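> Dropping the structure in here first, questions after.
The values are calculated or read from the model by the stated rules, or taken from the named source; none is laboratory data. All values derive from a computational prediction rather than experimental measurement. Ideal geometry is used to build each Cβ from the backbone, glycine not excepted, and the neighbour counts take in all protein chains shown. Accessible surface is based on the protein model in full, side chains and every heavy atom, while ligands, DNA and RNA are left aside. Shrake-Rupley method; radii C 1.70, N 1.55, O 1.52, S 1.80 Å.
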Amino acid sequence: MDSITHQLAEFAVHLKSDDIPSNVRDRAKDLILDTVGIAIRARHDTASTDAMLAALSRLQMTEGSSHVIGDEKTYPAAVAALINGSCAHSLDFDDTHAAGSLHSSAPIVPAALAAAEIVAADGAATLAAIIAGYEVQIRLSLALVPSDHYNRGYHPTATCGAFGAAVAAGRLLGLDVDQMRSAFGIALSQSSGSMKFLEEGAWTKRSQVGHAAYNGLLAATLAAENYQGPVDAFDGKWSFLTAYAPSPDAALAVDGLGSVWQTMGLAVKPYPSCRYSHAAMDALQQLKAEHGLTEGDVQHVEIGLPQTGLNIIGQPIAQKHKPVTIVDGQFSMPFLAAVILRTGNLGWDDYDSQLSDPVTLALTAKVDCIQDPKAEAEYPANMAGIARVTTSSGVYEAMVVVPKGEPDNFLTEDELIAKFDGLTAPYLSKSRRDALLDALLNLEKRASIGEVLSLTCPDLKALQMAGED
């Protein structure tokens, strides 16, 4: 039997657009739309982006012809991948795969867009390349066993993302099977991403995903020039699977390859926070709506999570009770629960107001988190959550197994567009948003990726003329 690496390379190189089911292509276009909307907002509204751009300027890495989403200026291709990948993950609002416990579009879409501009690929080729990247990245995470990979301190979105990005870029650059295997081997030396950011609410969660996009594009480009990487990145001693997890299941890396589409397992987030928090947030919304709960009613809240989720958003509880930065808030189940109980929802702009709100912070201190057997029983197929709210009039409980946005509970088209509009409205006029929406949802009909990306540039004059906010 061919090696795991060879099978993945064969798939990545030989997948034809016509082999991809229409529902998979449609789902991928929804995911790309979501990614672009997030990146537009993050390009302008995150301090980490400003710092990254300043550093790149100081390093003289800002002159090129590739588009950064939401930016009028163009950059070198690899730098565009870096910035776009970082921005796509900066709000923690990007798509997720429950079983793979990672985000897919943030590292993969930017690498594909940059490669597409290098070779002037059309939308159909770019769409197929992105889907191929999804399929490889997700399977690698499944094979690692995500909880084991996390326990070693790795961030699977970034580590596995470098390989997904290499696939997407490599297809567009025209790699053959041997070159794709070299691209995997080169990416193996660059695959990185640490969970250390959780301890301090650091920005590296964002940048390491951007680096995955950058590194995947770099690996593919080196391989295209016949730079030689190890040919069996996923097999044998010191391979990705054996080095990055204690007990990998290598067969999962190719299970159902080309017939079972892991792309269809990707979910779109309704809240800009860690996906492990969403089921419990949905449950709290239910309780708030059913019982008319207000923050004044709440005496205590207990959130039940699977252990992997608890490790990320519920422990150490003393730290989770005192979020300071936006990243702290995104990974604090007590804080997120408090915001839902106060406002009934959570949007990106809520972090600025709620992280300094004394009422919200007092409510945060009333929220505890536990490993719940019922939530654990659903994992890893579902990131379930349970909310138990104690009030003077009784204890109310709700469990959500499939949070909003998952494939079995996906956003409607109107909800997806509303999220896109909400993210982009401060920078794009309605006419520009509509044009971009049409271009992305009909990507396979577009001849030029550069022309599509040019629609992401802010048209502030049009906004002012229309009197829009």
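> Inspect all residues belonging to the stretch 408-417 and state whether any of them is touching a residue at least 24 places away in the same chain (Cβ under 8 Å), aliphatic (A, V, I, L, M) and surrounded by 20 or more Cβ atoms within 10 Å (Cβ to Cβ).
Looking for residues that are touching a residue at least 24 places away in the same chain (Cβ under 8 Å), aliphatic (A, V, I, L, M) and surrounded by 20 or more Cβ atoms within 10 Å (Cβ to Cβ), one finds at least one in the stretch 408-417, hence yes.
> I would also like to ask the following. Take the residues in the stretch 236-279 that are closer than 26 Å to Leu91 by Cβ and aliphatic (A, V, I, L, M); name whichever of them is surrounded by the most Cβ atoms within 10 Å (Cβ to Cβ).
Start the filter on the stretch 236-279 by keeping residues that are closer than 26 Å to Leu91 by Cβ, which leaves 262-279.
Next cut, aliphatic (A, V, I, L, M) only: 264, 266-268, 279.
On the way: Met264: 15, Leu266: 28, Ala267: 23, Val268: 24, Ala279: 30.
Result: Ala279.
> Sticking with this structure for a sec: Restricting to the stretch 202-213, and then to whatever is open to solvent by less than 60 Å² (accessible area, probe 1.4 Å) and closer than 21 Å to Ala12 by Cβ, can you tell me which residue is nearest to the chain's Cα centre (by Cα)? Step through it out loud before you land on a result.
Applying the first criterion (open to solvent by less than 60 Å² (accessible area, probe 1.4 Å)) to the stretch 202-213 yields 202, 205-210, 212-213.
Still in the running and closer than 21 Å to Ala12 by Cβ: 209, 212-213.
Values: Val209: 9, Ala212: 12, Ala213: 12 Å.
Per the criteria, the residue is Val209.
> Output the helices (runs of 4 or more DSSP H) that fall wholly within the stretch 159-253 and possess 1 or more residues being β-branched (Val, Ile, Thr), or say none.
Numbers: elements: 177-188, 197-200, 204-224, 240-244.
Once the helices (runs of 4 or more DSSP H) in the stretch 159-253 are filtered for at least 1 residues that are β-branched (Val, Ile, Thr), what remains is 177-188, 204-224, 240-244.
> Now, a different point. I'd like the residue in the stretch 86-138 that is assigned to a helix (DSSP H, G or I), within 21 Å of Ile312 (Cα to Cα) and aliphatic (A, V, I, L, M) and, out of all such residues, is farthest from the chain's Cα centre (by Cα).
Ile138
> Does the stretch 169-186 include one or more residues that are surrounded by 24 or more Cβ atoms within 10 Å (Cβ to Cβ), under 25 Å from Leu53 (Cα atoms) and not charged (D, E, K, R)?
For the stretch 169-186, residues surrounded by 24 or more Cβ atoms within 10 Å (Cβ to Cβ), under 25 Å from Leu53 (Cα atoms) and not charged (D, E, K, R): present.
> Something else now. Does Ser147 fit the bill of being part of a helix (DSSP H, G or I), of a type outside the set (A, V, I, L, M) and over 20 Å from Ala233 (Cα atoms)? Spell out how you get there, then give the answer.
On the way: part of a helix (DSSP H, G or I): yes; of a type outside the set (A, V, I, L, M): yes; over 20 Å from Ala233 (Cα atoms): yes.
Yes: the conditions hold for Ser147.
Every residue, every condition in (1) of a type outside the set (Lys, Arg); (2) more than 23 Å from the chain's Cα centre (by Cα); (3) more than 21 Å from Glu406 (Cβ to Cβ), yes or no:
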residue: Ile313; (1), (2), (3): yes, no, no
residue: Phe335; (1), (2), (3): yes, no, yes
residue: Asp349; (1), (2), (3): yes, no, yes
residue: Ser353; (1), (2), (3): yes, yes, yes
residue: Pro358; (1), (2), (3): yes, yes, yes
residue: Leu361; (1), (2), (3): yes, yes, yes
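> Same structure, new question: (1) open to solvent by 40 Å² or more (accessible area, probe 1.4 Å); (2) assigned to a helix (DSSP H, G or I): which one isn't true of Ser48, the others all being true?
Tallying (1) open to solvent by 40 Å² or more (accessible area, probe 1.4 Å); (2) assigned to a helix (DSSP H, G or I), Ser48 fails exactly one: (1).
> Exactly one condition in (1) touching a residue at least 40 places away in the same chain (Cβ under 8 Å); (2) farther than 24 Å from Phe420 by Cα is false for Pro316; which is it?
Failed condition: (1).
> Ok, one more. Among the residues of the stretch 375-385, which ones are surrounded by fewer than 21 Cβ atoms within 10 Å (Cβ to Cβ) and in contact (Cβ under 8 Å) with a residue 40 or more places away in the chain? Even if it seems obvious, please write down each step before you answer.
Quick first cut of the stretch 375-385, residues surrounded by fewer than 21 Cβ atoms within 10 Å (Cβ to Cβ) only: 376-382.
Hits for the stretch 375-385 are Glu376, Glu378, Tyr379, Pro380, Ala381, Asn382.
> Do we have Asp34 as closer than 20 Å to Met264 by Cβ and in contact (Cβ under 8 Å) with a residue 60 or more places away in the chain here? Write out each step before concluding.
On the way: closer than 20 Å to Met264 by Cβ: yes; in contact (Cβ under 8 Å) with a residue 60 or more places away in the chain: yes.
Answer is yes for this residue.
> What pairs come up if the first residue lies in the stretch 73-85 and is closer than 17 Å to His103 by Cβ, the second is modelled with pLDDT of 95 or more and open to solvent by 10 Å² or more (accessible area, probe 1.4 Å), and their beta carbons are under 6 Å apart, counting only those six or more places apart or on different chains?
Here the result reads Ala81/Tyr214; Leu82/Tyr214, each pair linking the stretch 73-85 to a residue that is modelled with pLDDT of 95 or more and open to solvent by 10 Å² or more (accessible area, probe 1.4 Å).
> Taking the stretch 216-231 as the search range and keeping residues that are closer than 18 Å to Gly133 by Cβ and among the aliphatic types (A, V, I, L, M), which one is surrounded by the most Cβ atoms within 10 Å (Cβ to Cβ)? Explain how you work it out, then say what you get.
Residues of the stretch 216-231 closer than 18 Å to Gly133 by Cβ: 216-224, 229.
Then keep just the ones that are among the aliphatic types (A, V, I, L, M); that gives 217-220, 222-224.
Details: Leu217: 34, Leu218: 25, Ala219: 32, Ala220: 29, Leu222: 18, Ala223: 27, Ala224: 22.
Result: Leu217.
> Which residue pairs have Cβ atoms closer than 8 Å, lie 6 or more positions apart in sequence or on different chains, and pair a first residue in the stretch 1-30 that is within 12 Å of Met264 (Cβ to Cβ) with a second residue that is small (Gly, Ala, Ser) and crowded, with 18+ Cβ neighbours inside 10 Å?
Ile20/Ala128
> What tally of residues in the stretch 55-82 results from selecting those that are open to solvent by 60 Å² or more (accessible area, probe 1.4 Å) and either closer than 25 Å to Phe93 by Cα or of a type in the set (A, V, I, L, M) (or both)?
Quick first cut of the stretch 55-82, residues open to solvent by 60 Å² or more (accessible area, probe 1.4 Å) only: 57-60, 63, 65, 72-73.
From what's left, either closer than 25 Å to Phe93 by Cα or of a type in the set (A, V, I, L, M) (or both): 59, 72-73.
Going through the stretch 55-82 one residue at a time, the tally reaches 3.
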